[in-house]
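The values are calculated or read from the model by the stated rules, or taken from the named source; none is laboratory data. Just so we're clear, the structure is a prediction, and the values are computed from it rather than from any experiment. Cβ atoms come from the backbone with ideal geometry, glycine included; neighbour counts cover every protein chain shown.
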């Protein structure tokens, strides 16, 4: 079970990043580049990281790319509707078969997250706030090296009720200036795939430059990574005659 | 919080019921009629039960019917693909808003269950078996009055791996002749809605005439029933200015 | 499964209540009397409520009292160590056999809660704060009739990390002036028994006079109540020869 | 987060192993030696394995040994009562602080498991059976390389109801000749510690020589292992003045 090299694809919508001056100032090469660099920096020679963006053919998520992706991270916001349903179905199938998925911030309304959750994934929100993230599961691998609490000076408020299934494991809860709370770090398993949702990351603030946030994302990549998929099928119905176990 | 009358709609695909002689012999008025009668028998004056079937306009699930439905039960098998996507979306929306849903047997592959679960909901299967159901959560309301174990003499085998999210609460596990096991009684909450999946019920066997099975379904109707929905919206994103809590 | 009369015993430590002038002013007949009256007020003729306190023989929790108790609520703080281990074992046995338990505020450090949880149940705290409670599971019976968010003007701060097992269902999360968050409404099932922990309720503030808090406690009494225990044993190992299921 | 060397202590009761001829024939150096060798064989240079047994001073679990233990495995059966309560308290404290624990077979009635679970941990049982283990969470790290189903030719029957808290994650379910089912692979987190219970392993059968069982135990050691504990305290109440997060 010794891990091999984790092959990570960082997906970015890359719209704000090219059109919004504030975002361009913070993320001159796009948010995906900063996230990718951070993962490389934390996991060094244990990881290979590429990026893919919405405007590329097949949104950069061809069968060939996904064949070589162990972990996909997803950031989108203003253009969820532009993501082709066929690509969403392709990613969904891969997750159920064991590809890890890390969904960031406004990705809560992405087609892929909604499809995997089965709920509306809606929430309360407000611009111009700050966030404090608390660890509520200190023994969880995603909390390793993360303080009991840390502040993100500038953040959008995301508040409850967050319409998701109860997470299999809840790792972080955040609070905001108005007193709002939010389940900000949520683990799910769907099929063979592991999914981590992490809410910090509004595009107009330098959230992905912050060390604690980077550590959480690197930990999440490791946690969702499956070094070895099952050799048997887990996503189709199988007529199983008596004795199938011996075959 | 005293409960009012529970308004239950028993949905049946009603295809085998009209075309298969074996099924007609067991369920002369259709499986849905037997299930409806059983719920009435168990919950008496606390329940109003109607039925709806695939061949009816809008599959019998008009807005008006759903406006008057607190709990929907669902049995389908050979015609899942004939269920209109718009009706599925309508039911899905109602579940998230608090309508209870009891999914039976081959309903595991219904569009509505797959949409709510986010996974393939596939499993192993084999005709011509028998099932023993064990209670693994004896304090759960759905297990009330149900023995520690009971046999269903004739049943199709449904076996693991069952590709569903880990249930919020697991109430029953079954075994079969070949030694297979199955998570046969599974509780989920999605949005404000509660969902119970119960696997017994192959159409060519008199499963829904069996007293223990009837008791489980009646208990499930009670458990998924919400006497009072929230007065606030839980399925749309809400821009929440500072001070919204005082409004 | 129609519910009978719920027999509730409200247990109070009753130490602060007799010695602290501030507490006496808020709860002249003891906190337990206020809590008991509130449960009676909400559940009316569906409930019979008695109280029991630490200084009574066997802390008021004789076998005879527990034989006639369906739901026990527990508030203690300064005298957890004075509760006799034999009484704790007695209550523990009853919970596993199906008696409901509602643990309030500083009861998180009671012997019975620690014994049931298996963890330290420790937390962060600070006097002189205020609390906002958010519903994170709006379809849960304990959230019925409870607003999306409500404020408790004066409360002690209880903050994460709260060293409990992950709740089977999380219903409320609170925040405090310092930005702290806390899993304030937690559901557990242990054996046949259901347990709800609810953190509001510092003795020097009129928390149990607040309507939202009263509603939550009444809902919790209903949720932990089991109208019907299993007829089979669930807390002893049973040698089960082949064929036991037919016996 | 790159793992260091995992320091594993395999604890064995070592009573049957010395007194029962059948057990001695299967495990000439004691069951603990076979389990230890298997862990070494699977995890090779990533692990250091020692053993400890009941008859040693402090049952071989001195403070110094535990200071150098990342993962403890536990097998006991006939002598649970001989384990000193002070040692149980010592191990309990370590688990909450992040030491991993793998509890095997009849260890379900060990003092440490009961203390961590908070329930009776009782079950149904019968000698002289065989077991089939099914994977119900194929994406879980403990299921890696483990078949969809595998048989253990000779095993004691352990059957439901198993009186444990609902596992945080359920990985395996087993069935037996009499049709019984059992949650045989159960994950729990308590404090910072991870716990895996795995039920195969009756002393009079060569269960721990079987490759699938060995693989599960090795996977479990990896899963419960924490390479890095939190730098903050998680098992004591902490008075936290406003501003503590900045300290």
Could you check residue A:127 against (1) closer than 28 Å to residue B:90 by Cα; (2) modelled with pLDDT under 95 and say which number it fails? (1)
Looking at the stretch D:182-189, can you tell me whether even one residue there is buried (at least 20 other Cβ atoms within 10 Å of the Cβ) and more than 15 Å from the chain's Cα centre (by Cα)? yes
Could you count how many residues in the stretch B:35-48 are surrounded by fewer than 21 Cβ atoms within 10 Å (Cβ to Cβ), touching a strand residue (DSSP E or B) at 6+ places or on another chain (Cβ under 7 Å) and without any contact (Cβ under 8 Å) to a residue 40 or more places away in the chain? 1
Please work out if residue B:142 is more than 20 Å from residue D:131 (Cβ to Cβ), touching a helix residue (DSSP H, G or I) at 6+ places or on another chain (Cβ under 8 Å), buried (at least 23 other Cβ atoms within 10 Å of the Cβ) and away from chain C (no Cβ under 14 Å). no
Please go through the stretch D:166-183 and pick out each residue that is facing another protein chain (nearest Cβ under 7 Å) and touching a helix residue (DSSP H, G or I) at 6+ places or on another chain (Cβ under 8 Å). D:178, D:179
Considering only the stretch A:4-40, state which residues are within 14 Å of chain D (Cβ to nearest Cβ), in contact with a helix residue (DSSP H, G or I) (Cβ under 7 Å, 6 or more places away or on another chain) and in a loop (DSSP other than H, G, I, E, B). A:5
Just wondering, is there one or more residues in the stretch A:155-165 that are surrounded by fewer than 23 Cβ atoms within 10 Å (Cβ to Cβ), within 14 Å of chain D (Cβ to nearest Cβ) and in contact with a strand residue (DSSP E or B) (Cβ under 9 Å, 6 or more places away or on another chain)? no
Can you find a residue in the stretch A:17-34 that is under 30 Å from residue D:137 (Cβ atoms) and touching a strand residue (DSSP E or B) at 6+ places or on another chain (Cβ under 9 Å)? no
Out of the residues in the stretch A:145-154 that are facing chain D (nearest Cβ under 7 Å) and not in a strand (DSSP E or B), state the one that is surrounded by the most Cβ atoms within 10 Å (Cβ to Cβ). A:148
Within the stretch D:220-233, count every residue that is out of contact with any helix residue (DSSP H, G or I) (no Cβ under 7 Å at 6 or more places or on another chain), within 8 Å of another protein chain (Cβ to nearest Cβ) and surrounded by 16 or more Cβ atoms within 10 Å (Cβ to Cβ). 2
Among the listed residues D:72, D:109, D:66, D:96, identify the single one that is within 13 Å of the chain's Cα centre (by Cα) and under 23 Å from residue D:230 (Cβ atoms). D:72
For residue C:8, the lone unmet condition from (1) over 14 Å from the mean Cα position of the chain (by Cα); (2) buried (at least 19 other Cβ atoms within 10 Å of the Cβ) is (1)
Of the conditions (1) in contact with a strand residue (DSSP E or B) (Cβ under 9 Å, 6 or more places away or on another chain); (2) over 27 Å from residue A:232 (Cα atoms); (3) modelled with pLDDT under 95, residue B:239 fails just one. Which one is it? (3)
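Are any of the residues in the stretch B:155-169 under 30 Å from residue A:177 (Cβ atoms) and modelled with pLDDT of 95 or more?
No.
In the stretch B:206-216, which residues are buried (at least 22 other Cβ atoms within 10 Å of the Cβ) and more than 12 Å from chain C (Cβ to nearest Cβ)?
B:207, B:208, B:213
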In the stretch A:191-200, is there at least one residue being more than 23 Å from residue A:32 (Cβ to Cβ) and at pLDDT 95 or above? yes
Among the helices (runs of 4 or more DSSP H) contained in the stretch A:49-128, which hold 1 or more residues that are more than 14 Å from chain B (Cβ to nearest Cβ) and buried (at least 18 other Cβ atoms within 10 Å of the Cβ)? A:63-67, A:85-96
